[in-house]
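Below is one structure; the comments refer to it alone.
The values are calculated or read from the model by the stated rules, or taken from the named source; none is laboratory data. The model shown is predicted, which means the values in this text are computed figures rather than measured ones. Methodologically, a virtual Cβ is constructed for each residue, glycine included, from the backbone with ideal geometry; neighbour enumeration extends over all protein chains shown. The accessibility values were calculated without ligands, DNA or RNA, using every heavy atom of the protein model including side chains. Shrake-Rupley method; radii C 1.70, N 1.55, O 1.52, S 1.80 Å.
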Amino acid sequence: MKETSIVRQFIVDHFLFGEAGTVENTTPLFESGLLDSTGILDVVAFIEKQWGIRVADEELVPDNFSDLEKIGMYLRRKVGSEEPCAESQGSAI
C-alpha cells in the first residue's frame with residue numbers, strides 16, 4: 001500500500017493543490033475529473049522517476065491506471081517482475 005500512498009500524495013499535491021478531499025483508493029481518476037489525458041502522463045512520468053521503471057505504451061490501459069488501487073497493483077507487479085503488467089485490452093487511456 002505504500003505505493004498507493006505515494007501516488008495519492010503526488011496527485012493531491014499536483015492536481016488538487018494540497019486539498020486531499022475524497023481521493024479514495026477506488027475513486028475513478030478519469031470519470032471523477034481528477035485526471036485528464038495530460039494528467040495521467042504527469043503521473044506516469046512521476047512513477048517512472050520515483051520507481052526507476054519504464055511504463056510501456058501498451059501498459060497505459062484502465063486495468064493499470066483507472067484508480068489508485070490499480071496503480072498500486074500495477075507497481076507491485078512491475079517493480080517485482082520488471083515485465084509488462086497488462087497487455088493492451090481495449091482502448092488505451
*Would you pick out the residues in region 38-54 that are touching a residue at least 24 places away in the same chain (Cβ under 8 Å) and part of a loop (DSSP other than H, G, I, E, B)?*
Ile53
*Filter region 7-37 down to the residues that are outside any helix (DSSP H, G or I) and of a type in the set (S, T, N, Q), then identify the one that is modelled with the lowest pLDDT.*
Thr22
*Are any residues in region 16-39 open to solvent by less than 80 Å² (accessible area, probe 1.4 Å) and in contact with an Asp or Glu (Cβ under 8 Å, 6 or more places away or on another chain), and if so, which ones?*
Asn25, Thr27, Pro28, Leu29, Phe30
*Of all the residues that make up region 57-81, how many are open to solvent by 20 Å² or more (accessible area, probe 1.4 Å) and farther than 20 Å from Leu34 by Cβ?*
7
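Every residue, every condition in (1) more than 19 Å from Val12 (Cα to Cα); (2) at pLDDT below 95; (3) of a type in the set (D, E, K, R), yes or no:
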position: Val44; (1), (2), (3): no, no, no
position: Gln50; (1), (2), (3): no, no, no
position: Glu69; (1), (2), (3): no, no, yes
position: Gly72; (1), (2), (3): no, no, no
position: Ser81; (1), (2), (3): yes, yes, no
position: Ala86; (1), (2), (3): yes, yes, no
